[in-house]
Amino acid sequence: MQKKSTRALLWTALVCAQIVAGAAQAQTGADAATLAKGKRLFMLCMACHATADGGPAKIGPALNGVVGRPAGGVPGFNYSADLKSQTFVWDEAQLNAWLLKPTAVVPGTTMAYAGMPDAADRKALIAFLGSLK
Ligand code: HEC
């Protein structure tokens, strides 16, 4: 009896874990391998961007929560006039265009980054950015 209920409990826990994992995946729309790839690619950004509020000030604004945030939206960060004057929200499409060629989106930007030519790389990096809350 004891054994049987333990097994049932374990089974329930396993099913729950799978549901939670599935939900997390659905939320970001990316699997673990894509997120891991995005995290590796983020090394290209880390010199200039933090991923947590209140961290040490860097050359660029913190990027946690950037997906869904208005452009130029980190309070107190000294954006270029051109980025500050933008009225769009950073969604997947805007980030994709930005990462391909920042100056194509905001010509007067001070972000010194030429761009990421590989579409799959950009997709993975954006998925990783979306996972930073
Ligand atoms: C050499 C430093 C540098 C590197 C490398 C860099 N950035 Fe930036 N980034 C900046 C600066 C500076 C700004 C602010 C630009 C402005 O005000 O025009 C910025 C702005 C941004 C913004 C707009 C944020 C907002 O709040 O509107 C995003 C998104 C962004 N960077 C993503 C990235 C990603 C992803 C990478 C890695 C591929 C990256 N950056 C690499 C310096 C950098």
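Show which aspartates and glutamates lie in cross-link reach of residue 101 when reach means a straight Cα distance below 18 angstrom and same-chain residues fewer than eight apart are skipped. Leaving aside aspartates and glutamates fewer than 8 places away in the same chain, those within reach of residue 101 are 82, 91, 92, 118, 121. Kirkwood analysis of region 31-131, using all unique Cα-Cα pairs, places the hydrodynamic radius at 13.8 Å. Counting every alpha-carbon pair across region 45-102, the share separated by more than 13 Å comes to 63%.
Read the figures in this text as sums done on the coordinates, not as results from a lab. Quick caveat: nothing in here was measured; it's all calculated off a predicted structure.
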